[in-house]
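Trainee: Sharing a structure here in structure tokens format.
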Amino acid sequence: KIFKKWLDFYVAESCGQCTPCREGMYQLRKILDQEKANWHLFRDLIKNLERTSFCGLGSALSVPIFSYVKNIIEKTPAKIFALSEAEKKRIIEAFR
């Protein structure tokens, strides 16, 4: 998934000095590694990073993720992403 690739980038580029980034990125990866991701928790963690990160890196993570959900996932058939319709619906509802 593209979210995992983006998180890999943010983890690699993070200085790790602030707890929101260090722990938030770790928790986001754990959520994506689960069989059934908790998309509401994922969204909440991203919003928390946006508000509490010390630098622009952590606060910028929400931009590509929210944009991708709104502009790509909502407008593209689920089969393109190898998602079930139910999973696509869960993702969209979580990010509204």
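The values are calculated or read from the model by the stated rules, or taken from the named source; none is laboratory data. All values reported here derive from a predicted model rather than from experimental measurement. Note: ideal-geometry Cβ built from the backbone for every residue, glycine included; neighbour counts use all protein chains shown. SASA here: full protein model, heavy atoms, side chains in, ligands and nucleic acids out. Shrake-Rupley method; radii C 1.70, N 1.55, O 1.52, S 1.80 Å.
Trainee: ³J(HN,Hα) across region 77-84 via Karplus (A = 6.51, B = -1.76, C = 1.60, θ = phi - 60°), whole Hz, x for Gly/Pro?
Mentor: Each residue of region 77-84 in turn: x, 4, 5, 4, 9, 6, 10, 7 Hz.
Trainee: Probe 1.4 Å, all protein chains in place: accessible area of Arg90 in Å², nearest 10?
Mentor: Per-residue accessible area (Arg90): approximately 90 Å².
Trainee: Just the number, please: carbon plus sulfur as a percent of the accessible area of the chain, 1.4 Å probe, no ligands or DNA/RNA counted.
Mentor: Summing carbon and sulfur atoms, their accessible area is 54 percent of the total for the chain.
Trainee: How many nm is it between the label spots at Asn71 and Asp8, if each spot is 7 Å from the Cα in line with the beta carbon?
Mentor: 2.3
Trainee: Report the FRET efficiency, 1/(1 + (r/R0)^6), for Lys1 and Lys47, where r is their Cβ-Cβ distance and R0 is 22 Å, rounded to 0.05. Write down the numbers at each step before the final one.
Mentor: On the way: r = 20 Å, r/R0 = 0.89.
About 0.65, to the nearest 0.05.
Trainee: Identify all lysines with a Cα-Cα distance to Lys88 below 17 Å; exclude those on the same chain that are fewer than 8 residues away in sequence.
Mentor: Filter leaves Lys1, Lys4, Lys36, Lys70, Lys75, Lys79.
Trainee: Tell me, what is the per residue accessible area of region 1-64 in Å², probe radius 1.4 Å? Write out the running numbers ahead of the final one.
Mentor: On the way: 3820 Å² over 64 residues.
That works out to 60 Å² per residue.
Trainee: Please report, for the Cα atoms of the chain, the Rg to one decimal and the Dmax as a whole number; what are they, in angstrom?
Mentor: Cα-based Rg and Dmax for the chain come out at 13.2, 40 Å.
Trainee: Do you know the relative contact order of the chain, to the nearest whole percent, from alpha carbon pairs under 8 angstrom that are 6+ apart?
Mentor: With pairs under 8 Å counted, the relative contact order is 26 percent.
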